[in-house]
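Take a look at the structure set out below.
The values are calculated or read from the model by the stated rules, or taken from the named source; none is laboratory data. Here the structure is a predicted model, which means the values were calculated and not measured. Using ideal geometry, Cβ is built from the backbone for each residue, glycine included, and neighbour counts are taken over all protein chains shown. Areas reflect the complete protein model, heavy atoms only, side chains present, ligands, DNA and RNA absent. Shrake-Rupley method; radii C 1.70, N 1.55, O 1.52, S 1.80 Å.
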Amino acid sequence: MKKQMDIHKLRADLLGWYDREGRMLPWRIRPEDRARGVTADPYKVWLSEIMLQQTTIAHGAPYWMRIVDEFPTVTDLADASRDHILAMWAGLGYYARARNLHKCAQIVRDAYGGRFPESEAGLLQLPGIGPYTAATMAAICFDEPTNIVDGNVERVISRMFRVEAPLPKGKSAIRKYAATLVTDDRPGDYGQALMDLGANVCTPKSPHCGMCPWSWACQANRAGVETDYPRRIKKHTLPIRYGAVFILRCGDKVLLERRPDKGLLGGMTGFPGTEWGEVPEAPLRDAPVKAEWTKEPAPVRHVFTHFKLRLDVYVGEIETTSGIDGIWAESSGVGTYALPTVMRKCLKQI
Ligand code: SF4
């Protein structure tokens with residue numbers, strides 16, 4: 001009984017804090033607006049959840065605004081060309097998400113009449129919508145009391161309950177603790193409040209426990225060991241891969257190619273180049289043409305989730321484009337193509 005009382009207080013304290021301190025975000029309906037009958041637009045919430053994974057709000061929000069401006073509805077997005085979407089996505093990374101975004105929009109248009117399914121289970125059927133996004137959309141848009149657990153929530157819950165199992169294995173224990181707190185009183189606000197608490201108060205390196213509505217119940221705070229949680233298995237250092245790209249010019253044109261749909265940066269545009277291997281190889285045998293290639297003095301460095309990349313950049317010039325397949329882009333218009341960040345870095349290098 002006491003435990004139930006505590007949980008009730010935890011929920012009430014968190015919602016009260018959210019009403020006062022929750023973040024204002026362009027896709028968010030604030031409690032006072034919700035009280036006036038304004039409801040969340042599933043399309044905008046879906047876009048925000050997909051676009052802001054693995055990036056900061058400061059970096060991702062301008063992309064979200066441009067896409068909503070260009071494609072105001074899910075049907076508009078479905079009707080757009082995939083290249084247009086990839087070009088607007090360029091710089092956000094994790095490009096499989098952009099491809100799935102388009103695929104998902106087309107399925108919502110064709111199979112659901114332009115409306116997202118209104119339950120967590122239904123949302124999970126759509127490509128690119130995983131358990132976190134489905135739970136978040138169902139709670140925010142359809143008031144379903146789901147268990148929303150993102151990285152911020154994992155941190156809060158692991159500290160509140162001192163979850164000893166290290167991540168990533170400890171995720172299931174964290175989910176179980178989080179599930180005990182889920183409420184059907186304003187489930188969308190509750191989920192967003194929990195995420196905000198992790199983002200703004202229960203921060204990774206120096207949590208602001210003095211401002212936390214849950215400090216009275218937090219086990220890590222009581223023991224003064226907040227930053228020991230979440231427990232983690234020590235990370236391995238990332239391996240390094242090596243490769244080269246060839247920036248071939250002909251007058252004011254530059255050669256680009258579309259990468260295969262499958263694999264890293266699939267469907268994006270880039271400069272021709274070598275495979276990326278574990279040891280540096282002699283790259284010029286993979287050059288698109290025989291030319292006077294000049295190597296830039298410093299390689300481009302880029303970090304992907306599972307490896308670090310060192311790319312040598314070679315620049316060449318030819319007289320005619322005839323017989324060379326690929327996309328010959330105007331130099332001044334290269335930025336309008338779906339160039340991922342690593343290729344933009346190569347361009348900047350020269
Ligand atoms: S008291 Fe501190 S460690 Fe505990 S949940 Fe709040 S901010 Fe996080």
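When you look at residue 166, is it more than 15 Å from the ligand (Cβ to nearest atom), more than 19 Å from residue 199 (Cα to Cα), open to solvent by less than 50 Å² (accessible area, probe 1.4 Å) and assigned by TED's automatic domain parsing to the domain that holds residue 46, yes or no? When the stated conditions are applied, residue 166 passes them. Scanning the range 65-85 for residues that are within 14 Å of residue 47 (Cα to Cα) and of a type in the set (A, V, I, L, M, F, W, C), we see that the one that is surrounded by the fewest Cβ atoms within 10 Å (Cβ to Cβ) is 65.
Taking the conditions exactly as written (touching a Leu at 6+ places or on another chain (Cβ under 7 Å), in contact (Cβ under 8 Å) with a residue 12 or more places away in the chain, at negative phi and surrounded by 15 or more Cβ atoms within 10 Å (Cβ to Cβ)), does residue 18 satisfy them or not? Quick ask: steps written out before the conclusion?
On the way: touching a Leu at 6+ places or on another chain (Cβ under 7 Å): no; in contact (Cβ under 8 Å) with a residue 12 or more places away in the chain: yes; at negative phi: yes; surrounded by 15 or more Cβ atoms within 10 Å (Cβ to Cβ): yes.
It is false that residue 18 is touching a Leu at 6+ places or on another chain (Cβ under 7 Å), in contact (Cβ under 8 Å) with a residue 12 or more places away in the chain, at negative phi and surrounded by 15 or more Cβ atoms within 10 Å (Cβ to Cβ).
Being charged (D, E, K, R), free of Cβ contacts under 8 Å to residues at least 60 places away in the same chain and either more than 10 Å from the ligand (Cβ to nearest atom) or open to solvent by less than 50 Å² (accessible area, probe 1.4 Å) (or both), is that true of even one residue in the range 180-193? Yes, the range 180-193 has at least one match. For residue 159, the conditions (1) within 16 Å of the ligand (Cβ to nearest atom); (2) open to solvent by 30 Å² or more (accessible area, probe 1.4 Å) all hold with the exception of (2).
For the range 92-128, the tally of residues that are of a type in the set (A, V, I, L, M), open to solvent by 10 Å² or more (accessible area, probe 1.4 Å) and at pLDDT 95 or above stands at 4.
For first residues located in the range 135-160 and in contact (Cβ under 8 Å) with a residue 60 or more places away in the chain, partners that are within 10 Å of the ligand (Cβ to nearest atom) and open to solvent by less than 10 Å² (accessible area, probe 1.4 Å) and lie 6+ apart or on another chain with Cβ distances below 7 Å form the pairs 155/198; 158/229; 159/220; 159/229; 160/214. Screening the candidates 184, 189 for the property of being in the same structural domain as residue 34 (by TED's automatic domain parsing), part of a loop (DSSP other than H, G, I, E, B), closer than 23 Å to residue 124 by Cβ and acidic (Asp, Glu) yields one hit, 184. Of everything in the range 141-172, what is out of contact with any Gly (no Cβ under 6 Å at 6 or more places or on another chain), of a type outside the set (D, E, K, R) and in a loop (DSSP other than H, G, I, E, B)? Give them in sequence order. Correct list: 145, 146, 147, 149, 161, 165, 166, 168, 170. Scanning the range 228-243 for residues that are surrounded by fewer than 14 Cβ atoms within 10 Å (Cβ to Cβ) and either basic (Lys, Arg) or near the ligand (Cβ under 9 Å from one of its atoms) (or both) turns up 232, 234, 235.
Considering each of 221, 152, 200 in turn, give the residue that is within 10 Å of the ligand (Cβ to nearest atom) and either over 20 Å from residue 31 (Cβ atoms) or open to solvent by less than 50 Å² (accessible area, probe 1.4 Å) (or both). Criteria check complete, one pass: 221. Test residue 312 against the criterion of being open to solvent by less than 50 Å² (accessible area, probe 1.4 Å), over 26 Å from residue 97 (Cβ atoms) and of a type in the set (Asp, Glu), and give yes or no. Yes.
Residue check: is residue 138 in a loop (DSSP other than H, G, I, E, B), open to solvent by less than 50 Å² (accessible area, probe 1.4 Å) and away from the ligand (no atom under 16 Å from the Cβ)?
Judged against the criteria, residue 138 is not a match.
Matching residues to (1) out of contact with any Cys (no Cβ under 8 Å at 6 or more places or on another chain); (2) polar (S, T, N, Q); (3) more than 30 Å from residue 224 (Cβ to Cβ):
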| position | (1), (2), (3) |
| --- | --- |
| 77 | yes, no, yes |
| 81 | yes, yes, yes |
| 152 | no, yes, no |
| 163 | yes, no, no |
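Just wondering, is there one or more residues in the range 261-278 that are in contact (Cβ under 8 Å) with a residue 60 or more places away in the chain, open to solvent by 60 Å² or more (accessible area, probe 1.4 Å) and either assigned by TED's automatic domain parsing to the domain that holds residue 54 or touching a strand residue (DSSP E or B) at 6+ places or on another chain (Cβ under 9 Å) (or both)? Scanning the range 261-278, I find no residue that is in contact (Cβ under 8 Å) with a residue 60 or more places away in the chain, open to solvent by 60 Å² or more (accessible area, probe 1.4 Å) and either assigned by TED's automatic domain parsing to the domain that holds residue 54 or touching a strand residue (DSSP E or B) at 6+ places or on another chain (Cβ under 9 Å) (or both), so the answer is no.
The C-beta contact set for the range 228-246 (first residue touching a residue at least 40 places away in the same chain (Cβ under 8 Å) and over 30 Å from residue 202 (Cα atoms), second residue exposed (fewer than 14 other Cβ atoms within 10 Å of the Cβ) and of a type in the set (A, V, I, L, M), distance under 7 angstrom, 6+ apart or interchain) comprises 242/279. Could you say whether any residue in the range 70-79 is of a type in the set (Gly, Ala, Ser), under 12 Å from the mean Cα position of the chain (by Cα) and part of a helix (DSSP H, G or I)? Within the range 70-79, not a single residue is of a type in the set (Gly, Ala, Ser), under 12 Å from the mean Cα position of the chain (by Cα) and part of a helix (DSSP H, G or I).
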